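Sharing a structure with you now.
The values are calculated or read from the model by the stated rules, or taken from the named source; none is laboratory data. Keep in mind it's a predicted model, so treat the numbers as computed, not measured. Glycine gets a Cβ as well: all are built from the backbone with ideal geometry, and neighbour counts include every protein chain shown. These area figures cover heavy atoms from the full protein model, side chains too; ligands, DNA and RNA do not enter into them. Shrake-Rupley method; radii C 1.70, N 1.55, O 1.52, S 1.80 Å.
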Amino acid sequence: MEKFRIVGLTVVFLLICAGVAFANDTCKSCHDGQEDRFVKNTHARLETSCVSCHGEAVKHQQDPSELDMLDMKDPKSAEAVNAACMSCHANNQRMMFWDGSEHDRADVSCTSCHSIHTVGTEKVSMDKCLSCHKDVRRDVNKFSHHPLAEGKMECASCHEVHGTLAPALITADTNNELCYNCHTEKRGPFRFAHPPVEENCLNCHSPHGTNAARLMTQNVRNTCGNCHQYAHKATLDTQVGGGGATAFVKRGSCLSCHGAIHGSNTDWHFR
């Protein structure tokens, strides 16, 4: 009995493979270039056929001008394209937050970033992300930036493009937890904690890039002056008697004295 069962399963498998081969051969008769690229793709190793993603395309096979199949590159078909991909990939853990994610709501299709025909569909380049996120392209080329252009990081180092429960598709629960993955020395806990630091690293830093040092949103004096009004040069000028401003007032930095700005275990002045 077991022998017949094995034979039966083998026959079914061969029929499926024959069906896949037939479907692909039919499409290849016209789309030869696509087939040559597809055989190197991950999908080809899964015994999928053209109709698995594009549909039966019965009319198209009879008359090439009839386009009764799913066009994976048509931006108007984003919902249908994603449904086709999710028919296989829905059980992937990385896709569990796709529905309702920022990219899903923006009608971004899977094929906006991935190609189902060519090699390397799994890894998406930074240039692909920056083709849409042009504000980020501007920032990563500023004076102070994370080493994205240098190839030491990638967008996926911080963002999960398929969706998360955190803001801006970041891979941690909060901005601070994400930053602490690399900047562990800033985590604390500190005896004297700096409230804006504990609240959000982005209170002082812009993560994609700035023209101020250390990814700060502004220079040190102005950043501190957002909360500490007496740190502004005009106020310090008044404190030292009008035009008698010291060298510190003219050129100094708050960090000259308050070096442990992220938190201190010894001094509540963050020294």
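For the range 167-190, which residues satisfy the criterion of being of a type in the set (A, V, I, L, M, F, W, C) and open to solvent by 50 Å² or more (accessible area, probe 1.4 Å)?
A168, C182, F190
Then there is this: I'd like to verify a number: residues in the range 149-166 that are open to solvent by less than 80 Å² (accessible area, probe 1.4 Å), free of Cβ contacts under 8 Å to residues at least 60 places away in the same chain and either within 19 Å of R214 (Cβ to Cβ) or not charged (D, E, K, R) (or both), how many?
10
Just checking, which of D99, D74, D68 is touching a His at 6+ places or on another chain (Cβ under 6 Å) and more than 21 Å from L46 (Cβ to Cβ)?
D68
Determine if the range 110-118 includes at least one residue that is under 30 Å from H133 (Cβ atoms), touching a Pro at 6+ places or on another chain (Cβ under 9 Å) and either surrounded by 13 or more Cβ atoms within 10 Å (Cβ to Cβ) or of a type outside the set (D, E) (or both).
Taking every residue of the range 110-118 in turn, at least one turns out to be under 30 Å from H133 (Cβ atoms), touching a Pro at 6+ places or on another chain (Cβ under 9 Å) and either surrounded by 13 or more Cβ atoms within 10 Å (Cβ to Cβ) or of a type outside the set (D, E) (or both).
Got a number for residues in the range 113-154 being more than 30 Å from M86 (Cα to Cα), assigned to a loop (DSSP other than H, G, I, E, B) and not aliphatic (A, V, I, L, M)?
9
Do you know which residues across the range 75-101 are of a type in the set (A, V, I, L, M), open to solvent by 40 Å² or more (accessible area, probe 1.4 Å) and touching a residue at least 60 places away in the same chain (Cβ under 8 Å)?
Correct list: M96 only.
Quick one: what pairs do we get from the range 47-73, first residue over 16 Å from T111 (Cβ atoms) and touching a residue at least 12 places away in the same chain (Cβ under 8 Å), second in a helix (DSSP H, G or I) and small (G, A, S), C-beta under 6 Å, 6+ apart or different chains?
S49/A23; V51/A23
Hey, another quick one. So if I check each of D104, D135, which one is buried (at least 16 other Cβ atoms within 10 Å of the Cβ) and among the acidic types (D, E)?
None of the other options fit; the residue is D104.
Would you pick out the residues in the range 191-234 that are touching a Leu at 6+ places or on another chain (Cβ under 8 Å) and exposed (fewer than 13 other Cβ atoms within 10 Å of the Cβ)?
Y230 - this is the single residue of the range 191-234 that is touching a Leu at 6+ places or on another chain (Cβ under 8 Å) and exposed (fewer than 13 other Cβ atoms within 10 Å of the Cβ).
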